[in-house]
Amino acid sequence: MNEFLILRVSFAVLVAAAGFFLRPFDLSSLAGAGIGLTLGAVILAFEYRIKQVSLKRLIGAAFGSVLGILGAYLISLVIGPALPKDTAPFAQVSVLLWMAYCGLAVGAAKGDTLNLSAFGGVFGTESQPQQTFKILDTSVIIDGRIADIAETGFLQGPLVIPQFVLRELQLVADSADSGKRNRGRRGLDILARLQNNTKLRVQIIEEDFPNIKEVDMKLIELGKLYNCTVVTNDFNLNKVAQLHRVDVLNINDLANAMRPVVLPGETMRVFILKEGKEFNQGVAYLDDGTMVVVDNARRQISKTIDVTVTSVLQTTAGKMIFGKYDDRGSGHREQQASAHHGA
């Protein structure tokens, strides 16, 4: 770190010395040194900022700049002869700066979508971060939990929303059906929440596959193209993506994994909410929505009781817990409490 500091100070001193001795614009030596020192500071600030930019963005910016300069040169060939001699140089320089800047800005913005692995490993480890891209599908945006998960910091890398997903979301929001319309508007609100979070990088890409009609298959092709991960809560998309060897993050799987672990024989305290389907059953729910079916609890509705877990059933829809309520123990405790109160 000290070596870099010495190098930067030496560079600033050399630029200031060059300004002192060369005296640009016929200025005095002190003024030239001041201009040189200012220029050195600007270059060092640029160097500090550019180190934080990914290689993909740098490549995109460089490529965009070259295309912009080339376009400006072609435009200058056309407009140069048509303008007065005293105006043509200014117009040509203006076009050059404009095209170069636009190419730089657009190239840097689109650089994150570059697939560096296509260059055969020339850029070494820079191809690995491509795995951090997360493509959001329509269902996971409408679901809304993705915003909470992203804000916790568990999702690394940019969140990518394809333009065709936005179009599908807009169609849902404009639906004549009130239920669909509300879901679509909720999805748009979730997107706005993600974009307004300064800690998240949300990027909308124009990449499309006109020959493919189904949005799910477009997502899979996009995952293949950029070698990245699709985030969804759609069970069918999850299975099809796995068949195509595309990485998938299913937030329903995450929710199931985060549910508390209970083992047969353990005791848990639950609130009996309603009657079960079978005889003398009661039904309770944990805070995460897990259903608990309790035998011998029909008469305990609207009460909080201790139950013993008998089994746990894991299904594709989630987890179900089966338990048993010892009504004999409860009756014995009630008799003891009555006797104590009478005494």
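Just a few scattered comments:
- P(r) tail, region 133-257: Cα-Cα pairs separated by more than 26 Å, 15% of all pairs.
- Relative exposure of Cys102, Cys228, judged by other C-beta atoms within 10 Å (fewest first): Cys102, Cys228
- Modelled spin-label separation between Arg269 and Glu214, with each label point placed 7 Å from Cα along the Cα-to-Cβ direction: 5.0 nm.
- Using C-alpha pairs below 8 Å separated by at least 6 residues, the relative contact order for the chain is 9 percent.
- For the chain, the equivalent ellipsoid derived from the alpha-carbon gyration tensor has semi-axes of 64, 28, 18 Å in decreasing order.
- One quarter of the convex hull surface built on the alpha carbon atoms of region 151-216 amounts to 5.4 nm², the projected area averaged over directions.
- Inverting the pair-averaged 1/r between distinct Cα atoms of region 245-294 gives 13.1 Å as its Kirkwood hydrodynamic radius.
- Rounded tilt (10° steps) of 327-342 against the dominant C-alpha axis of the chain: 70 degrees
- Residues Asp86 and Ala192, FRET efficiency given R0 of 35 Å [Cβ-Cβ distance, rounded to 0.05]: 0.10
- Cα-Cα over 24 Å, subset of Lys199/Lys319; Lys180/Lys224; Lys134/Lys218: Lys199/Lys319; Lys180/Lys224
- Span from the region 266-298 Cα centroid across to the region 149-167 one, whole angstrom: 37 Å
- Global form of region 9-113, assessed from the alpha-carbon gyration tensor, a/c cut-off 1.5: oblate
- Computed helical MRE - 222 nm, the chain, DSSP H runs ≥ 4 contributing -39500 (n - 2.57), nearest 500: -17000 deg cm²/dmol
- For region 267-334, the equivalent ellipsoid derived from the Cα gyration tensor has semi-axes of 20, 11, 11 Å, listed largest first.
FYI, it's all coordinate maths here, none of it is from the lab. Because the structure is a prediction, the values reported are computed rather than measured. Ideal geometry is used to build each Cβ from the backbone, glycine not excepted, and the neighbour counts take in all protein chains shown.
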